[in-house]
Amino acid sequence: MNNSKIEILEGKIALEVATPKDYIDWAEDLLLQGIEDEYLLMLVSYGVEKNPDSYEIKEYFEKSLKALNIQLSSPPVALKNYAKQIALQIAHNKISTLDGLDLLEPFYFKSDYEPVYSIWSQLEDDLVSLKCNDDYFYNSGLSNDNVEQYIKNIALQFSQLLESQLPDNFFQLCVCQACGHIDLAGSRVIEKTWLSDKLFQFIFKRPLQEQAVCNKCGAPFPGSMMDYNYRQIYLDSVNNTPTDHTHSSL
């Protein structure tokens, strides 16, 4: 049995965007595979109706699942499978980059803010910043000249991240731009004062200014996993692929 159609339907159900046509398309696909069932035939028959009844379609869908002994994936798994399909379609030019971005952007909210899906919300923010000529980006190296390829590369990387055993604190990790060490960032105070920390905070109502540094070599400004390039360094490191730690663009 071809799983791609059910993965798409499961994902749309988890996103709460499944339409009667999605259920009908799934049933038609199974019939074309030679799988016969009276409830599938009933579902397909709704394809000739202009406004098929959603309740009845879902009812026949549930009966089809039971008759064919098909168990739907849990919502988190359904979202993951569907997101990977969309990402690969973007990477391999099956759908446009912007259409794919529109499809993937809601996953962060629908997944109850699962960090890996924040990649798409941040990319959306970056594209807005790009239009506004803002100079701050989550993804270094993004420009008007490489938007299409950048999105495709993020999509391919995203599909790899979904299949990787990422540590729970993955998006808190940083990559040192000097030595390539991957770890949580350290910090050091960069504000000079003769006052004690407690006295300074009492007088000025704020802590002393600190700077993020590498926990290994002390170099400043380690790169965040919110950035495509530093995520790629991480993936290359776990796959034992040589990486140039100085790269910052596509």
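Give me the pairs, please: first residue somewhere in the range 51-62 and more than 16 Å from Glu16 (Cα to Cα), second residue anywhere and crowded, with 18+ Cβ neighbours inside 10 Å and not basic (Lys, Arg), beta-carbon distance under 7 Å, and either six or more positions apart or on two chains.
Pro52/Pro20; Pro52/Tyr46; Tyr60/Tyr39; Tyr60/Leu43
One line per residue, one yes/no per condition, for (1) assigned to a loop (DSSP other than H, G, I, E, B); (2) of a type in the set (A, V, I, L, M); (3) over 24 Å from Asn240 (Cβ atoms); (4) without any contact (Cβ under 8 Å) to a residue 24 or more places away in the chain:
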residue: Gln149; (1), (2), (3), (4): no, no, yes, no
residue: Leu161; (1), (2), (3), (4): no, yes, no, no
residue: Arg188; (1), (2), (3), (4): no, no, yes, no
residue: Trp194; (1), (2), (3), (4): yes, no, yes, yes
residue: Ile203; (1), (2), (3), (4): no, yes, yes, yes
residue: Leu208; (1), (2), (3), (4): yes, yes, yes, yes
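Any residue that is among the charged types (D, E, K, R) and either part of a helix (DSSP H, G or I) or open to solvent by less than 90 Å² (accessible area, probe 1.4 Å) (or both) - is there at least one of those in the range 139-146?
No, the conditions are met nowhere in the range 139-146.
Which helices (runs of 4 or more DSSP H) sit wholly inside the range 6-79 and have at least 3 residues that are open to solvent by 60 Å² or more (accessible area, probe 1.4 Å) and over 25 Å from Pro106 (Cβ atoms)?
The qualifying helices (runs of 4 or more DSSP H) are 38-45, 54-67.
Any idea how many residues of the range 99-131 are under 22 Å from Ala78 (Cα atoms), assigned to a helix (DSSP H, G or I) and either among the aliphatic types (A, V, I, L, M) or in contact with a helix residue (DSSP H, G or I) (Cβ under 7 Å, 6 or more places away or on another chain) (or both)?
Residues in the range 99-131 being under 22 Å from Ala78 (Cα atoms), assigned to a helix (DSSP H, G or I) and either among the aliphatic types (A, V, I, L, M) or in contact with a helix residue (DSSP H, G or I) (Cβ under 7 Å, 6 or more places away or on another chain) (or both): 14 in total.
Scanning the range 80-98 for residues that are among the charged types (D, E, K, R) and either touching a Cys at 6+ places or on another chain (Cβ under 9 Å) or assigned to a helix (DSSP H, G or I) (or both), which turns out farthest from Val17 (Cα to Cα)?
Lys84
In the range 193-223, what residues are of a type in the set (S, T, N, Q) and in contact with a strand residue (DSSP E or B) (Cβ under 9 Å, 6 or more places away or on another chain)?
If the condition is that a residue be of a type in the set (S, T, N, Q) and in contact with a strand residue (DSSP E or B) (Cβ under 9 Å, 6 or more places away or on another chain), then Gln209, Gln211, Asn215 are the ones that fit.
Collect the residues in the range 3-28 that are over 20 Å from Glu56 (Cβ atoms) and either free of Cβ contacts under 8 Å to residues at least 40 places away in the same chain or among the hydroxyl-bearing types (Ser, Thr, Tyr) (or both), keeping them in residue-number order.
Asn3, Ser4, Lys5
The values are calculated or read from the model by the stated rules, or taken from the named source; none is laboratory data. Keep in mind the model is a prediction, meaning the values are calculated, not measured. We place every Cβ from the backbone using ideal geometry, glycine too, and count neighbours over all the protein chains shown. Surface accessibility is based on the protein's heavy atoms, side chains included, excluding ligands, DNA and RNA. Shrake-Rupley method; radii C 1.70, N 1.55, O 1.52, S 1.80 Å.
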